[in-house]
Amino acid sequence: MLNQRFLAKFSWKRKLGPAALGAIIAVSLLVLALSPLCGDILGVKRENAALTELFECSGAELNSVNVTGWVRIDERAAGNREPLELADLVADRLGLAGEGRSYESWQNPYARGISLKGRLGGVRAVSIAGQTMEIAGIGSVSHVMVSLDGVNGKKTAALKRKIRRALDGCGGECLTAVTYAGKIKSPLQSGELLTGAEKMMGQAGASIKEKTVQDNLVSLTGLSPQFKSDLRYGEKQINLNVALRASPAEQVTYVYAATPVIFMEY
């Protein structure tokens with residue numbers, strides 16, 4: 001009886017024939033390939049591959065991957081713009097346990113804020129920063145930022161979506177970035193820092209839009225065809241930021257590659 005039911009259930013396959021069945025499978029695969037989820041997965045694979053290649057060409061050892069999200073608060077949508085309220089609101093949306101949170105506040109003549117730290121799912125380190133600035137001619141402006149450390153590069157698409165959901169409704173468009181961080185086991189000289197950063201941008205086929213060169217730090221920002229997401233400010237369009245910072249005291253050089261831009265401090 002069980003075999004008869006099984007065969008009856010799938011008898012349509014025999015009636016369709018190999019050609020028709022193959023056409024249905026092909027159409028199904030095409031629909032899947034064109035879906036947003038599949039697009040995200042493929043985009044992340046390309047992004048990870050490109051960032052990994054940048055590290056390989058720099059000679060650095062990859063140590064960590066970070067996903068960051070940031071949004072300017074719209075007071076009409078968010079209600080209370082106090083840094084503590086903002087940080088707790090986002091922590092609740094991410095599902096951080098209240099007893100596992102720690103807080104650190106700061107203030108200067110121009111801004112004040114609070115940093116909340118915890119662990120997502122009890123494992124992944126999370127930092128949430130809320131801040132309010134007083135800008136002449138504009139007034140009070142608030143922002144909130146979420147930073148996830150120790151991320152598996154293959155899961156960045158899902159984590160970006162999770163951050164966007166946590167920040168949804170807080171204000172304008174949420175910006176997200178992925179940062180790969182590592183180090184070279186020797187402190188490079190200033191000229192070597194610039195050469196290394198330019199080599200990384202060349203590996204990505206990026207046109208350089210902005211350059212910062214200091215004694216022990218080089219940061220280059222540009223536009224690469226290898227990355228989909230981009231960021232605009234003023235007349236500039238960017239989607240790749242690389243930075244090298246030498247630390248003679250530690251005898252290392254820290255290397256960063258991010259798309260579209262490095263949000264975390266370096």
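Bear in mind these aren't lab numbers, they're just calculated from the coordinates by the rules spelled out. Keep in mind the model is a prediction, meaning the values are calculated, not measured. Cβ coordinates were reconstructed from backbone atoms using ideal geometry, including for glycine residues, and neighbour counts include every protein chain displayed.
Structure summary
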quantity	calculated
Peptide ranges 248-256, 184-192 listed from the most packed, as the mean C-beta count within 10 angstrom indicates	248-256, 184-192
Protection proxy ranking, peptides 110-116, 124-130, average beta carbon neighbours within 10 Å, highest first	124-130, 110-116
Derived scalar couplings ³J(HN,Hα) [region 231-244; Karplus, 6.51 cos²θ - 1.76 cosθ + 1.60; whole Hz; x for Gly, Pro]	9, 10, 9, x, 9, 9, 10, 9, 8, 8, 9, 10, 8, 10
Rounded to whole Hz, the Karplus (6.51, -1.76, 1.60) HN-Hα couplings of region 197-203, x for glycine and proline	5, 5, 5, 5, 5, x, 4
Karplus-derived HN-Hα couplings along region 103-118 (A = 6.51, B = -1.76, C = 1.60, θ = phi - 60°), whole Hz, x at Gly and Pro	10, 9, 9, 8, 7, 9, x, 10, 7, 8, x, 9, 10, 10, 10, x
